[in-house]
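**Q** To start, I am sharing the structure in question, which I have written as structure tokens.
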Amino acid sequence: MRTNSTSGPRRNFFGVFAYSRRALQLVWSTSRPLTCSLALLTLIAGMLPAGIAAVGAWLVDAVIAAIDTVRSGNAPDTVRVVELVALEGGLVALLAATQRGLAFCQSLLRAQLGKRVNLMILDKALTLELAHFEDAEFYDKLTRARREASTRPLSLVTRTFGLIQNMVVLVSFGTLLAALSPWAVAILIFAGLPAFVAEAKFSGDAFRLFRWRSSETRMQMYLETVIAREDHAKEVKLFGLGPLLLDRYRDISEKLYYAERDLALRRDAWGLALGLVATATLYAAYAWIAVATIAARITIGQMTMYLMLFRQGQSAVASGLAAIGGMYEDNLYLSTLYDYLETPVAPTVGRAERGPRPEDGIRFDNVSFRYPDAETEALTDIDLHVRPGESLALVGENGSGKTTLIKLLTRLYSPTRGRILLDGLDLREWHEDALRRRIGVIFQDFARYQLLLGENIGAGDVRHFEDEARWRKAAAQGMADAIIATLPRGYRTQLGKWFKDGRELSGGQWQKIALSRAFMRNEADVLVLDEPTAAMDAAAEASVFERFRGLTRDRIAILISHRFSTVRMADKIVVIQEGRIAEHGSHDELMARNGKYAHLFALQANGYR
């Protein structure tokens, strides 16, 4: 899963420009009319400066000719002067309108493209496996994509069009300067090269700094969340964690600041030194033009034009080279977007929507599983069979593998070895949607959505997400209807504190909402409770499980709990120890065996005496 796809683009300067074509395709597919408008306006903006410079030269020469005419006692051609003034004014106005149009097109494209890229990032997230979200390196990749890459495609395209614009400017300027001397064109172009090389070098350094600080930035974001979010505020205040976490946040900020400061100092120092070289070159060209004017090799109007061409031409060269350096930098950053979007995901091959033997239920056949990059197996040689209508309780210490077993059952992970069957068919052969419609699960760390109460229940079945009739039925089954009856807005109550008029629930109330969510799936014949009632007292949990068993009498019910008063009601009990099945049987059978289960049961029973 871990890739180094961005190392290729960093190997050489020109290699990274492979992403330019993809960025252009992305912008083109986002809005063809805006892209075409941007290209046309760029071309016009590139040609107008040369036209303005040429008209300016004609104007100066026309004014000088008119003055000479007046001195000779003749009537000057003022109409010609006024026409040239009007023409130059019209060209300047057209250039201003073109630049406004460019800014307008870029603004609209930026909004559309930002939305499109963020949707691409989120859409990709929906295709990823749970293993990706449990991998720290993947989170660094996601952070890089979301923080920078969403703005880089338009930046790359804008700079590409800017480069084209400056190339058009330079071609038109070069055509006019060639009349003075071919060396004038060479001076114009090569004066900006040293600064460009330095800028390209420091763009690469900036990108490497960006990659290095991804994990540090993610830690900053996490610390911000802990310090400023309501779900952490109680412990932060109670334990006095605020100053400690703030100091850690400050240390990271200073570390990042000094790294950026050092880069900025080196970048600006080299930029100043090489900029002075370009300035010296420019004024050497000025002296050359002034001497040529004194020697009457060019007119004063031509002198004015050439000075303007050199001044604006050097600016165009600098802008063009900066655009190339910026394109290089954008390509580096854009590589992070495609590195994320091209994260490999195993193809879903299952197509079946039913199994050949519905009466067989669930069967684990010599199943073992190791988490990615883990040194030991989380589950080893699990053999387990649960038939429809049976209830199963999983017992074991924290970290023994109980929740991992449920993750395998719901195909959030696939076994490293062995197979899991539902209705006599390997889970890998089931269509993913069909399989998950058959299974309703509430984990201990169930989500508390900052949505309407009814939508929190409806999340259990997205096909009926806004179906209030289904909400009510599920709430009654999950014993949440009594809670809802006490709320002024009932199912339309906003939960959580993130949004206006939000209502916070107690832990036990949230658990009943989550339990109701599991009952949204009417056709689910496998229902799993992974310690979702931990915030309830023992009597409330027993009541919930007894009701749960009543509502799942013809289904498979799987319960994970540390309360043996509840566990003992299950038809089968499996004790998992260090990833292996240590014991299995009914409560009476396991107590008679006087093994691990009986020992744990006795320990808990003593606690109530």
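**Q** How large is the accessible surface per residue of the chain, computed with a 1.4 Å probe and reported in Å² as a whole number? Let's see the in-between values first.
**A** Values: 30650 Å² over 609 residues.
In whole numbers, the chain has 50 Å² accessible per residue.
**Q** Next question. Do you know the relative contact order of the stretch 41-171, to the nearest whole percent, from alpha carbon pairs under 8 angstrom that are 6+ apart?
**A** Working: 75 pairs, mean separation 55.9, N = 131.
Computed over the stretch 41-171, the figure is 43 percent.
**Q** I would also like to ask the following. Quick one: give the max-minus-min coordinate of the C-alpha atoms of the chain along each principal axis, largest first, in Å.
**A** 128, 55, 49
**Q** Let me ask something else about it. If each residue of separation counts as 0.36 nm, what is the full-extension length gain between A111 and A485 once their alpha-carbon separation is subtracted? Spell out each step's value before the answer.
**A** Numbers: separation 374, 0.36 × 374 = 134.64 nm, distance 4.37 nm.
Taking 0.36 nm per residue and subtracting the Cα distance, the gain is 130.3 nm.
**Q** Determine the order of H587, H562 by accessible area, beginning with the largest, at a probe radius of 1.4 Å.
**A** Numbers: H587 20, H562 70 Å².
Ranking H587, H562 by accessible area, largest first, yields H562, H587.
**Q** How big is the accessible area of E260 in square angstrom, nearest 10, if you roll a 1.4 angstrom probe over the protein chains?
**A** The accessible area comes out at roughly 90 Å².
**Q** Work out the charge dipole of the chain with +1 on the Cβ of Lys and Arg and -1 on the Cβ of Asp and Glu about the Cα centre, then indicate which of L515, V575, P388 is farthest towards its positive end.
**A** L515
**Q** Now for a separate question. Quick check: pseudo-label points 7 Å beyond the Cα along Cα→Cβ at L122 and E589, how many nm apart are they?
**A** My value for the distance between the label points is 5.0 nm.
**Q** Can you give me the % of accessible surface on the chain that is carbon or sulfur? Probe 1.4 Å, all protein chains present, nothing else counted. Each step should come with its number before you reach the end.
**A** Details: 17610 of 30650 Å².
So the carbon and sulfur contribution to the accessible surface is 57 percent.
**Q** What's the FRET efficiency of Q99 with L246 using the Cβ-Cβ distance as r and R₀ = 41 Å, to the nearest 0.05?
**A** 0.35
**Q** Once you keep just the Cα pairs under 8 angstrom separated by 6 or more residues, what percentage relative contact order results for the chain? Please report the intermediate quantities before stating the final value.
**A** On the way: 842 pairs, mean separation 87.6, N = 609.
Reported as a whole number, the value is 14 percent.
**Q** Follow-up question, since we're still on this one. From the protein chains alone at 1.4 Å, what is the descending order of accessible area for K255, K141, K500, largest first? Could you put the intermediate results ahead of the total?
**A** Working: K255 100, K141 10, K500 170 Å².
The residues order as K500, K255, K141, largest area first.
**Q** Taking the Cα centre of the stretch 294-452 as the origin, how large is its charge dipole in debye, to the nearest 20, when only Lys and Arg (+1) and Asp and Glu (-1) carry charge on their Cβ atoms?
**A** On the way: 18 positive and 21 negative charges, 122 e Å.
Its charge dipole is roughly 580 debye.
**Q** Now for a different question. Accessible area, 1.4 Å probe, largest first: how do Y222, Y413 sort? Walk me through the numbers on the way to the answer.
**A** Working: Y222 125, Y413 20 Å².
The ranking, largest first, comes out as Y222, Y413.
**Q** By its C-alpha gyration tensor, with a ≥ b ≥ c as the square roots of the eigenvalues, how is the stretch 386-507 shaped: rounded for a/c under 1.5, else prolate for a/b larger than b/c, else oblate?
**A** Values: a/c = 2.29, a/b = 1.92, b/c = 1.19.
Prolate, since a/c reaches 1.5 and a/b exceeds b/c.
**Q** Further question: How far apart, in nanometres, would the label points at D571 and N366 be if each is projected 7 angstrom from Cα along the Cα-to-Cβ direction?
**A** About 2.7 nm, to one decimal.
**Q** Using 28 Å as the Cα-Cα cut-off, could you pick out the over-long pairs in K141/K255; K124/K255; K115/K500; K141/K402; K402/K500; K407/K596?
**A** Among K141/K255; K124/K255; K115/K500; K141/K402; K402/K500; K407/K596, the Cα-Cα distance tops 28 Å for K124/K255; K141/K402; K402/K500.
**Q** Between I67 and A273, what FRET efficiency comes out of the Förster formula 1/(1 + (r/R0)^6) with R0 = 35 Å and r the beta carbon distance, rounded to 0.05? Don't jump to the answer; show the numbers that get you there.
**A** Working: r = 44 Å, r/R0 = 1.27.
Given R0 = 35 Å and the Cβ-Cβ separation, E is 0.20.
**Q** At 222 nm, what helix-only mean residue ellipticity would the chain give, in deg cm²/dmol to the nearest 500, using -39500 (n - 2.57) for each DSSP H run of four or more? Intermediate values should be presented prior to the final figure.
**A** Numbers: 23 runs with 380 residues, N = 609.
Computed ellipticity for the chain at 222 nm equals -21000 deg cm²/dmol.
**Q** Same structure again: What residues have an amide H closer than 5 Å to that of H584, excluding those fewer than 5 places away on the same chain, when H is modeled at 1.01 Å from N in the peptide plane?
**A** V575
**Q** Hey, how many Å between the Cα centroid of the stretch 551-586 and the Cα centroid of the stretch 458-486?
**A** 27 Å
**Q** Continuing with the same structure: Cross-link candidates for K497: which aspartates and glutamates have Cα within less than 20 Å, leaving aside residues fewer than 8 places away along the same chain?
**A** Hits, sequence-local ones excluded: E224, E230, D231, E235, D445, E455.
**Q** Taking a virtual spin label 7 Å from the Cα of Q450 along the C-beta vector, which residues in the stretch 119-138 bring their backbone nitrogen under 17 Å of it?
**A** none
**Q** By how many nm would the segment from A290 to R387 lengthen if fully extended, with 0.36 nm per residue of separation less the alpha-carbon distance? Each step should come with its number before you reach the end.
**A** Working: separation 97, 0.36 × 97 = 34.92 nm, distance 9.83 nm.
That works out to 25.1 nm of additional length.
**Q** Right, next: When we measure straight from the Cα of K237, which aspartates and glutamates land under 12 angstrom away, once same-chain ones fewer than 8 places off are left out?
**A** Output for K237: empty list, no partners.
**Q** Further question: How big is the dipole moment of the chain about its Cα centre under a simple scheme where the beta carbon of each Lys and Arg is +1, that of each Asp and Glu is -1, and everything else is neutral? Debye, nearest 20, please. Walk me through the numbers before you get to the answer.
**A** On the way: 74 positive and 67 negative charges, 132 e Å.
For the chain, the charge dipole is close to 640 debye.
**Q** While we're here: What is the magnitude of the charge dipole of the stretch 231-377 about its Cα centre, with +1 placed on the Cβ of each Lys and Arg, -1 on the Cβ of each Asp and Glu, and no other charges, expressed in debye to the nearest 20?
**A** Once rounded to the nearest 20, the dipole reads 860 debye.
**Q** If you don't mind, there's one more thing I want to ask. Looking at P356, G496, T281, which one has the Cα that reaches farthest to the positive end of the dipole of the chain (charges on Cβ: Lys, Arg +1; Asp, Glu -1)?
**A** Going by the Cα projections, it comes out as T281.
The values are calculated or read from the model by the stated rules, or taken from the named source; none is laboratory data. Bear in mind the structure is a predicted one, so any value in this text is a computation, not a measurement. Ideal geometry is used to build each Cβ from the backbone, glycine not excepted, and the neighbour counts take in all protein chains shown. Ligands, DNA and RNA are stripped out before the accessible areas are found, and what is left, the full protein with its side chains, is counted by its heavy atoms. Shrake-Rupley method; radii C 1.70, N 1.55, O 1.52, S 1.80 Å.
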